[in-house]
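First up is the structure itself, then whatever we jot down about it.
Since every read-out is calculated from the coordinates, none of them should be taken as a lab result. What you see is a predicted model; the values in this text were computed from it and never measured. For neighbour counting, all protein chains shown are included, and Cβ atoms are generated from backbone atoms with ideal geometry for every residue, glycine included.
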């Protein structure tokens with residue numbers, strides 16, 4: 001545990017464990033902190049309400065300067081989520097900022113279920 | 001919660017204890033000295049053109065990827081990075097004051113129940129005492145002896161407690177006593193003792209040290225100050241040349257030989273292919289240049305060790321096939337296999353949210369339908 005990325009991921013995990021956003025949980029694999037598993041509950045008043053969705057997050061050593069790769073494990077029917085589970089979300093691509101942490105990423109993914117963006 | 005015994009959480013124990021929720025002001029203060037990138041207290045803080053501040057190492061690393069402010073997305077150049085000395089002083093001072101404030105913020109235990117609960121009053125008093133702390137620390141660091149500093153710390157904590165107790169027990173008595181102009185008072189800024197009449201003029205002049213104190217403290221400081229001036233003209237110059245920022249090479253244009261030259265110049269390993277070499281040079285320049293933005297820099301050998309350790313850790317991960325697992329997730333089959341293997345893990349996460357929601361709502365919540 002020595003690189004900046006790993007240090008930061010431990011911090012992210014601590015924050016997520018101590019102050020989790022509603023309907024979101026996640027944790028790194030005990031044997032590999034660069035790959036996380038997460039579960040998101042569908043936001044209320046959407047077709048996804050009452051559903052629980054599984055995701056993986058894959059980090060590189062360049063985190064937080066580069067975003068993680070987020071993939072849905074659950075099969076999703078959503079205009080911004082591709083067949084292979086990868087998603088099209090601006091903050092995970094060109095609008096990424098190193099100030100985001102895992103809690104912020106998962107919250108954004110949850111709100112993507114809330115307002116799909118078909119034009120992208 | 002289940003998560004509390006996750007093996008990786010145990011690694012995060014170096015974090016200091018948080019302030020209780022009854023002190024939102026202190027929590028806010030605590031948050032305000034945290035770098036938005038690494039989420040740790042600033043180390044070698046710098047500011048950029050838009051006014052946002054980061055650790056030097058963090059923002060330099062971020063600018064290798066994109067030349068935008070991580071907070072406001074405004075375009076910035078590396079040339080606009082400026083060392084923020086005030087912020088460094090604040091971070092250091094806060095770091096030092098924090099343990100005593102944590103103690104003060106804990107609810108009083110046992111027999112001293114007669115005292116009012118440490119709500120606004122004691123809270124204000126602890127905040128008022130902050131300038132004292134900082135001032136004393138300043139005088140300590142000016143004398144430039146680390147041993148003195150640490151003994152000062154010790155006294156500080158003791159005095160700190162004493163003074164806050166005094167304020168709590170006898171504020172009324174002081175109020176009722178009639179004070180005359182010639183009684184001794186304490187300057188609210190530098191807390192020096194002097195006749196009350198002369199305090200306004202003393203503040204007007206920017207709190208010069210009073211004569212009595214000067215004999216003991218002042219002359220010593222003056223000597224140190226003069227030393228600094230002369231050192232700056234003589235020895236310091238030479239050192240500056242050696243500790244000059246490294247100018248970044250153009251990684252596309254420079255050959256392996258150029259990169260090796262830079263590395264050997266700084267006493268680093270020169271093995272590996274071009275990609276490894278330029279990554280190493282890049283990391284070294286970030287580490288080296290960031291190290292110049294602090295008043296307590298690390299030694300070059302410590303920096304070298306840090307670079308080697310990070311590289312070794314990456315290599316270990318590669319050898320253990322950790323990267324391959326990430327690649328595996330890119331294919332559909334790999335993902336299906338992974339999902340099957342970690343089924344229990346996802347189930348645990350799902351249950352965790354449900355338990356949490358139950359606690360939040362206080363009532364039974366519908367069981368969400370699991371989607372495969």
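The residue B:89 and residue B:194 beta-carbon pair, evaluated with R₀ = 25 Å, returns a calculated FRET efficiency of approximately 0.40. Pairs of Cα atoms nearer than 8 Å and 6+ residues apart set the relative contact order; for the range A:4-106 it is 22 percent.
By how many nm would the segment from residue B:359 to residue B:184 lengthen if fully extended, with 0.36 nm per residue of separation less the alpha-carbon distance?
57.2 nm
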